[in-house]
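Chemist: One structure coming up, written as structure tokens, with questions to follow.
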Amino acid sequence: MRQQAYLKAMGIDIWFRREVLTEDTGISPVQDGISLPEIDVLPSQGSDDLSGLDWQALQIRVSTCTLCELHQGRTQTVFGAGNQQADLLIIGEAPGFDEDRQGEAFVGPAGQLLNAMLKAIKLNRQDVYSTNVLKCLPVNQCESKSQEATLCSRYLKRQIELLQPRLILALGQLAAQNLLQSNNSLTELRGQLHQYAPTRTPMIISYHPADLLQTPANKGKAWQDLLFVQRTLGNPDKAD
Ligand code: URA
């Protein structure tokens, strides 16, 4: 029965074949020493109602996702990690090569810069929860990922419902546009307190650390965004 619970958590419907049902148990004795009934497995990944899933079930669902073609290029999914009681949820765009190999968000060069940015407001990665809009490595980094992001956003929505953060910090244009359902540019979206509509969670938009590595001139504006985060969380005394 443990396997059935597992399959249920993954959103896989189990159908018993009529001819193998027995009157007393409803389950036939099985051949080959396998202690499970015969099953037909129908994937039901199309459903975007994940409201019944807890953290563990959600992570299993993500790890088996084949909703878009990005699953073909991944080493593994990158679910997200950190403090499940965090006030601050940090959302990036997608795993890079390092994240795909290690199965963890923001562990590469962009992650190192993110750590330094958080330190500047006296936070560390264990204080926050970090994840991405996309849970799989986009093999072609240059192509638009908005369709994949739309499919994948059901997982992020459930993560936000479970986490109930006080504030979301969205990093980069893809994350900002996906979470706000907006076509506005990052420049237009920065500097205001937005709301992630499904859970009415306050949200601030800033530069992606990978973009800051390429364009360090924007680091001053990113610092302003971090101070905005700090003020919104109500910890101004924590600034250096
Ligand atoms: N860029 C992201 O958006 N997320 C990561 O996890 C790593 C790089």
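Chemist: Note the full-extension length gain between Arg166 and Arg231 as 0.36 nm times their separation in residues minus their Cα-Cα distance, in nm to one decimal.
Modeler: Once the chain is fully extended between Arg166 and Arg231, it gains 22.2 nm.
Chemist: Next up: So for the pair Thr215, Gln126, with labels modelled 7 Å out along Cα→Cβ, what separation do we get in nm?
Modeler: Result for the modelled spin labels: 3.6 nm.
Chemist: Which length gain, in nm to one decimal place, applies between Asp49 and Lys119 when the Cα-Cα distance is subtracted from 0.36 nm times their residue separation?
Modeler: My answer for the length gained is 21.6 nm.
Chemist: Give the peptides 171-180, 58-67 in descending order of average Cβ contacts within 10 Å, highest first.
Modeler: Most protected by this proxy first, the peptides run 171-180, 58-67.
Chemist: Taking the simple approach of a point 7 Å from Cα along Cα-to-Cβ for both Thr64 and Ser144, what is their distance in nm?
Modeler: 3.3
Chemist: Right, another one. Contour minus end-to-end for Gln224 and Gln76, with contour as 0.36 nm per residue of separation and end-to-end as the Cα-Cα distance?
Modeler: Answer, rounded to one decimal: 49.8 nm.
Chemist: Enter the accessible area of His208 (Å², nearest 10), with the probe set to 1.4 Å and all protein chains included.
Modeler: So the heavy atoms of His208 present about 20 Å² to solvent.
Chemist: Using label points projected 7 Å from each Cα along Cα→Cβ, tell me how many nm separate Ser185 and Phe97, to one decimal.
Modeler: Spacing of the two 7 Å Cα→Cβ label points: 3.0 nm.
The values are calculated or read from the model by the stated rules, or taken from the named source; none is laboratory data. These figures come from a predicted structure and were not determined experimentally. With ideal geometry, Cβ positions are generated from the backbone for all residues, glycine too; neighbour counts draw on all protein chains shown. Just so you know, the surface numbers come from the protein's heavy atoms only, side chains and all, with ligands and any DNA or RNA stripped out. Shrake-Rupley method; radii C 1.70, N 1.55, O 1.52, S 1.80 Å.
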